[in-house]
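One structure is given here, and the rest of the page talks about it.
The values are calculated or read from the model by the stated rules, or taken from the named source; none is laboratory data. A quick note: this is a predicted structure, and the numbers were derived from the prediction, not measured. Note that we place each Cβ from the backbone using ideal geometry, even for glycine, and neighbour counts take in every protein chain shown.
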Amino acid sequence: MKSARTALIATGCAAALLLSACGEEAGGKTVRADGTMAPGSELKVGERAVVPFSDAGKSGTIAITVKSVEIGPKEDLADFKNKGEGILPVYVRMVVENVGGTDLADTSVSVRAVNPDGKGTKVLMANATSACKGEDAPESFTTGGATYETCKTQGVKDGDEVGGVTFGDGEYQDDPITWKK
């Protein structure tokens with residue numbers, strides 16, 4: 001009986017080691033063995049996600065930290081004229097870090113606002129506002145550890161709430177990473 005129990009414990013430990021090699025799961029987020037976030041992971045605003053990234057013909061590994069998700073005043077959309085009617089701006093402020101050390105200058109990270117239920121707001125904003133410029137990666141974003149701060153303008157229908165944002169580029173297209181407020 002003792003040897004059967006020992007064998008069962010050893011089997012359980014081996015299974016746990018194999019699972020930990022695949023990724024570490026904590027609170028809806030899974031970090032894979034290579035250090036990147038698994039598709040479908042859920043984080044809180046303020047948490048960092050390391051992801052493979054590609055834009056403008058360049059690719060590498062970045063970390064995205066969504067610092068805040070705020071609804072701005074409708075007056076911020078005055079320059080949009082009729083196109084901004086019935087819409088409120090959503091400002092997503094984030095820090096982007098070059099983790100892989102490849103040249104990612106002049107690239108842009110895209111995020112999308114979601115409702116509290118995790119579904120898209122059905123409002124896409126193509127332009128920035130004076131309160132949220134939407135800067136691309138600077139020319140110096142070419143080495144490991146380089147960072148920049150940016151703000152992306154999204155939108156929500158007047159009266160609706162925003163619950164967070166998603167990153168759905170590349171392998172995350174069908175199962176995005178979500179930062180919840």
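If only one of Ile71, Ile87, Ile62 is under 26 Å from Gly144 (Cα atoms), touching a residue at least 24 places away in the same chain (Cβ under 8 Å) and buried (at least 16 other Cβ atoms within 10 Å of the Cβ), which one is it?
The unique qualifying residue is Ile62.
Report yes if some residue within the stretch 169-179 is assigned to a loop (DSSP other than H, G, I, E, B), in contact with a Cys (Cβ under 8 Å, 6 or more places away or on another chain) and closer than 20 Å to Ser68 by Cβ; otherwise report no.
no
Would you call Glu75 at negative phi and modelled with pLDDT under 95?
So Glu75 passes the test.
Suppose we filter Gly40, Gly57, Gly27, Gly12 for residues that are modelled with pLDDT of 95 or more and loosely packed, with under 12 Cβ neighbours inside 10 Å; which single one remains?
One residue alone meets the criteria, Gly57.
Let's see how each residue does on (1) without any contact (Cβ under 8 Å) to a residue 60 or more places away in the chain; (2) under 18 Å from the mean Cα position of the chain (by Cα):
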{"residue": "Asp106", "(1), (2)": "yes, no"}
{"residue": "Thr121", "(1), (2)": "yes, yes"}
{"residue": "Ala126", "(1), (2)": "yes, no"}
{"residue": "Cys132", "(1), (2)": "no, yes"}
{"residue": "Asp136", "(1), (2)": "yes, yes"}
{"residue": "Thr142", "(1), (2)": "yes, no"}
{"residue": "Thr150", "(1), (2)": "yes, yes"}
{"residue": "Gln154", "(1), (2)": "no, yes"}
{"residue": "Gly159", "(1), (2)": "yes, no"}
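Taking the options Gly163, Gly145, name whichever one is more than 23 Å from Pro116 (Cα to Cα) and either at pLDDT below 95 or not hydroxyl-bearing (Ser, Thr, Tyr) (or both).
Exactly one of Gly163, Gly145 is more than 23 Å from Pro116 (Cα to Cα) and either at pLDDT below 95 or not hydroxyl-bearing (Ser, Thr, Tyr) (or both), namely Gly145.
When you look at Glu70, is it among the charged types (D, E, K, R), in a strand (DSSP E or B) and in contact with a Ser or Thr (Cβ under 8 Å, 6 or more places away or on another chain), yes or no?
Here the answer is no, as Glu70 does not meet what is asked.
Restricting to the stretch 93-128, name every residue that is crowded, with 19+ Cβ neighbours inside 10 Å, out of contact with any Gly (no Cβ under 9 Å at 6 or more places or on another chain) and not in a loop (DSSP other than H, G, I, E, B).
If the condition is that a residue be crowded, with 19+ Cβ neighbours inside 10 Å, out of contact with any Gly (no Cβ under 9 Å at 6 or more places or on another chain) and not in a loop (DSSP other than H, G, I, E, B), then Met94, Val96 are the ones that fit.
Say whether the condition of being closer than 23 Å to Lys29 by Cα and not in a loop (DSSP other than H, G, I, E, B) is met by at least one residue in the stretch 130-140.
Looking through the stretch 130-140, none of the residues is closer than 23 Å to Lys29 by Cα and not in a loop (DSSP other than H, G, I, E, B).
Search the stretch 129-169 for residues being aromatic (Phe, Trp, Tyr) and more than 22 Å from Ser41 (Cβ to Cβ), and hand back the single one that is surrounded by the most Cβ atoms within 10 Å (Cβ to Cβ).
That would be Phe141.
Restricting attention to the stretch 145-180, which residues are touching an Asp or Glu at 6+ places or on another chain (Cβ under 9 Å) and over 28 Å from Asp79 (Cβ atoms)?
Gly145, Ala146, Thr147, Pro176, Ile177, Thr178, Lys180
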